[in-house]
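S.K.: Structure below; questions to follow.
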Amino acid sequence: MIAPKEQAIYIADALRDFSVIDVGDGEKLERWGQVLLRRPDPQVIWPKQNPSVWETAGAAYHRSASGGGAWSYEQNVPEKWKISYRELRFIIKPTGFKHTGLFPEQAANWDWVRKLLQSRLIEHEKRPRVLNLFAYTGGATLACAQVGASVCHVDAAKGMTQWARENYALNNLSTENVRWIVDDAQKFVQREVRRGNQYEGILMDPPSFGRGPGGEVWKLEDTLFELVNLCAAILSDDAVFFLINSYTTGLQPTVLQNLLRIAVCAKHGGVVEADEVVLPVESGGFLPCGASGRWRR
């Protein structure tokens with residue numbers, strides 16, 4: 001499959017056990033291991049390319065007019081199962097809010113940070129320190145820890161952090177490589193600034209809207225620059241990367257590029273790029289999955 005030449009899009013294609021089979025009419029049909037799932041996707045405004053294959057789905061998520069939604073099952077779908085990304089394994093489990101416990105498009109970013117961390121480990125004996133904010137079920141945490149980084153995993157949801165710990169245990173990785181923190185991302189970074197702690201890599205994958213542990217409500221556009229600016233203060237002098245991923249449709253790649261240029265390059269120099277993150281679709285084309293901004297030394 002050939003990517004459009006006019007864009008240097010970030011294509012996630014390293015998940016052996018996952019694929020997007022077809023998309024259309026506001027839905028996507030995905031293969032998660034041996035299980036086929038139908039899920040809504042509001043950006044898919046074109047028709048299905050292969051309508052007959054949709055009948056093989058084991059389960060489908062239906063949105064409710066009053067908010068939320070629920071799964072309907074056409075086959076016996078296990079409560080949870082495992083899939084692989086390179087040498088790592090993850091627990092997949094359909095949830096009541098449509099998600100499955102993994103954002104597979106982020107494999108494109110995991111490959112990028114792993115390569116940078118591996119190069120730094122060749123040059124330095126000291127283990128690089130990585131801060132993973134809005135860390136969810138730990139995809140990036142595992143990817144970084146597996147190549148030798150020391151990771152601080154921060155998420156405000158206790159249940160998601162527990163899921164991440166289960167993923168970590170599944171892979172028999174060293175328990176000394178990760179700190180598990182249940183906290184509001186911005187408040188945690190503010191404390192890290194006061195403590196004088198620093199990191200060689202920072203990545204964040206914030207939701208469009210969020211709630212802190214105390215029920216605090218925030219909107220990404222209102223707080224993102226302040227958070228990025230705070231994080232720039234805890235990047236070490238020999239930091240190797242800073243990654244922002246966003247699913248918010250209003251935050252185009254150029255917005256993320258400007259945030260990193262103003263907040264990070266002003267303090268640390270380096271190079272910034274940003275573009276769409278996409279998944280290849282077996283029936284043709286690509287599925288848009290947000291945007292990422294990337295800073296590197």
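S.K.: Within region 187-207, identify whether any single residue is crowded, with 22+ Cβ neighbours inside 10 Å, over 19 Å from R294 (Cα atoms) and either modelled with pLDDT of 95 or more or assigned by TED's automatic domain parsing to the domain that holds V130 (or both), and answer yes or no.
M.R.: So far as region 187-207 goes, yes, one or more of its residues are crowded, with 22+ Cβ neighbours inside 10 Å, over 19 Å from R294 (Cα atoms) and either modelled with pLDDT of 95 or more or assigned by TED's automatic domain parsing to the domain that holds V130 (or both).
S.K.: Give the number of residues within region 66-90 that are hydrophobic (A, V, I, L, M, F, W, C), in contact with a Phe, Trp or Tyr (Cβ under 7 Å, 6 or more places away or on another chain) and either surrounded by fewer than 16 Cβ atoms within 10 Å (Cβ to Cβ) or touching a residue at least 40 places away in the same chain (Cβ under 8 Å) (or both).
M.R.: In the first step, residues of region 66-90 are kept if they are hydrophobic (A, V, I, L, M, F, W, C); the result is 70-71, 77, 81, 83, 88, 90.
Add one more test, that the residue is in contact with a Phe, Trp or Tyr (Cβ under 7 Å, 6 or more places away or on another chain), and what stays is 71, 83.
Checking the rest, the ones that are also either surrounded by fewer than 16 Cβ atoms within 10 Å (Cβ to Cβ) or touching a residue at least 40 places away in the same chain (Cβ under 8 Å) (or both) come to 83.
Number satisfying all stated conditions: 1.
S.K.: Can we say W110 is of a type outside the set (S, T, Y), exposed (fewer than 14 other Cβ atoms within 10 Å of the Cβ) and not in a strand (DSSP E or B)?
M.R.: So W110 fails the test.
S.K.: Can you tell me how many residues in region 138-193 are of a type in the set (V, I, T) and outside any strand (DSSP E or B)?
M.R.: Of the residues in region 138-193, the ones of a type in the set (V, I, T) are 141, 147, 151, 154, 161, 175, 178, 181-182, 189, 193.
Within this subset, residues satisfying the condition of being outside any strand (DSSP E or B) are 141, 147, 161, 175, 189, 193.
The number of residues fulfilling the criteria is 6.
S.K.: Now for a different question. Among the residues of region 94-107, what is the count of those that are buried (at least 18 other Cβ atoms within 10 Å of the Cβ) and either of a type in the set (F, W, Y) or assigned to a loop (DSSP other than H, G, I, E, B) (or both)?
M.R.: Adding up the residues that qualify gives 5.
S.K.: While we're here: Looking only at region 214-234, decide whether some residue is surrounded by 21 or more Cβ atoms within 10 Å (Cβ to Cβ), at negative phi and within 15 Å of the chain's Cα centre (by Cα).
M.R.: no
S.K.: Hey, any hits in region 64-78 for a residue that's under 16 Å from C289 (Cα atoms), more than 23 Å from the chain's Cα centre (by Cα) and outside the structural domain of P253 (by TED's automatic domain parsing)? Before the answer, list the steps.
M.R.: First, the residues of region 64-78 that are under 16 Å from C289 (Cα atoms): none.
The answer is no, given that none of the residues of region 64-78 is under 16 Å from C289 (Cα atoms), more than 23 Å from the chain's Cα centre (by Cα) and outside the structural domain of P253 (by TED's automatic domain parsing).
S.K.: Another question, if that's okay. Taking region 117-139 as the region of interest, how many residues are within 25 Å of L170 (Cβ to Cβ) and either over 15 Å from the mean Cα position of the chain (by Cα) or not small (G, A, S) (or both)? Full working, then the answer.
M.R.: As a first pass, look at region 117-139 and keep what is within 25 Å of L170 (Cβ to Cβ): 117-118, 121, 127-139.
Still in the list and also either over 15 Å from the mean Cα position of the chain (by Cα) or not small (G, A, S) (or both): 117-118, 121, 127-134, 136-137.
Total meeting the criteria: 13.
S.K.: Right, another one. If a residue has to be closer than 12 Å to G138 by Cα and polar (S, T, N, Q) to count, how many in region 172-212 make the cut?
M.R.: Going through region 172-212 one residue at a time, the tally reaches 0.
S.K.: Within region 156-170, can one find any residue that is surrounded by 14 or more Cβ atoms within 10 Å (Cβ to Cβ), at pLDDT below 95 and under 14 Å from V130 (Cβ atoms)?
M.R.: Within region 156-170 (the criterion being surrounded by 14 or more Cβ atoms within 10 Å (Cβ to Cβ), at pLDDT below 95 and under 14 Å from V130 (Cβ atoms)), the answer is no, since none of the residues qualifies.
S.K.: Further question on the same structure: Go through region 114-134 residue by residue and tally those that are within 17 Å of L203 (Cα to Cα) and either outside the structural domain of P206 (by TED's automatic domain parsing) or without any contact (Cβ under 8 Å) to a residue 12 or more places away in the chain (or both).
M.R.: 1
S.K.: Filter region 35-65 down to the residues that are modelled with pLDDT under 95 and under 29 Å from A143 (Cβ atoms), then identify the one that is surrounded by the most Cβ atoms within 10 Å (Cβ to Cβ).
M.R.: Restricting to residues being modelled with pLDDT under 95 and under 29 Å from A143 (Cβ atoms), the top hit is Q43.
The values are calculated or read from the model by the stated rules, or taken from the named source; none is laboratory data. Since this is a predicted model, take the numbers as computed values, not measurements. FYI the Cβ positions are ideal-geometry reconstructions off the backbone, even for glycines, and counts take in every protein chain you see.
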